[in-house]
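Note sheet for the following structure.
Quick note: the coordinates plus some simple rules give every number you see, no bench work behind them. The structure presented is a predicted model; accordingly, all values stated were derived computationally and were not measured. FYI the Cβ positions are ideal-geometry reconstructions off the backbone, even for glycines, and counts take in every protein chain you see.
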C-alpha cells in the first residue's frame, strides 16, 4: 500500500470534521444556541400564567404547548444552518469537497441538532413540572422530543439548503417546513397526551421512530441536491 492510500481520509472523515467545526463555531457564538432555548422556555412558562393555575387544564394542554413551542424554537434556528457558510464562502468549499456531500450535509444537521434540539430535550422536564406532569409522562415527553427534534432538524436542513442566500428566507423556510413537520407535531403531542391519560401510546412512539428513520435515510440526499440547486 502506497503512502497516498494510507493517508486518504475515510468516508466518515468529512462528517466528523464538519460536525466538530460547527460545534466549535456554536461555542464561540452562544447567542445562536441560547435564543431558541430562551424562546422555548418563555413560551412554556408564560402559557400557565395566561390560562390560570388549574391543574386539570394545564395537564390537558401541556403536551400541545410544549410541542408547539419546540417546533417554533427549532424553526428559529434553522435559517442559520447554512447561512454563515454561504456568507464567508466556505459553502463553496463544501460543495467541491471530495467527501460525499450527503454526509457533509448530515454532519451540519447533526451539529444543528446538538446545539438546538438536544437542549430543548434536556430542559423539558423542568418545564413539564409547571404542567403537573407525572414522572413517567415526562419520560415519554423527553423521548418524543428526542425523536421529534431529530426529524425537525433533518427536515429543516432541506428547507435551509433551498433558501440559503435568499432575501427574507426565514419566512419561506417556515412555509416549506411546516407541512412536513405537522405529522411530527401531531404524533408527538398525541403520544404524550395518551401517556398522560394512561392509555396505550406505543403506536405513536413507533410511528415517530419510523418517521425519524425515514428522514435520516432521505433528508441528507435531498439536502445535498438542494445545496447544488441553490448554488447554481
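As a length-normalised measure over Cα pairs under 8 Å and 6 or more apart, the relative contact order of region 107-232 settles at 32 percent.
List the relative contact order of region 5-160 as a percent without decimals, with contacts defined as Cα pairs under 8 Å and 6+ residues apart. Display every interim value, and only then the final one.
Values: 131 pairs, mean separation 58.1, N = 156.
Normalised by residue count, the contact order of region 5-160 is 37 percent.
Three principal axis extents describe the C-alpha atoms of region 3-231; from largest down they are 66, 34, 29 Å. Reported to the nearest whole Å, the Cα centre-to-centre distance from region 192-232 to region 73-142 is 13.
Peptide packing for 186-195, 37-46, 221-230 was compared via the average number of neighbouring C-beta atoms within 10 Å per residue; ordered from the highest value, the list is 186-195, 221-230, 37-46.
With each label modelled as a point 7 angstrom along the Cα→C-beta vector, the residue 122-residue 17 pair spans 2.8 nm.
Which of the peptides 200-208, 148-156, 20-28, 77-85 is most tightly packed, and how do the rest follow, going by the mean number of other Cβ atoms within 10 Å of each residue? Display every interim value, and only then the final one.
Details: 200-208: 15.9, 148-156: 27.4, 20-28: 13.4, 77-85: 21.6.
Descending mean neighbour count gives 148-156, 77-85, 200-208, 20-28.
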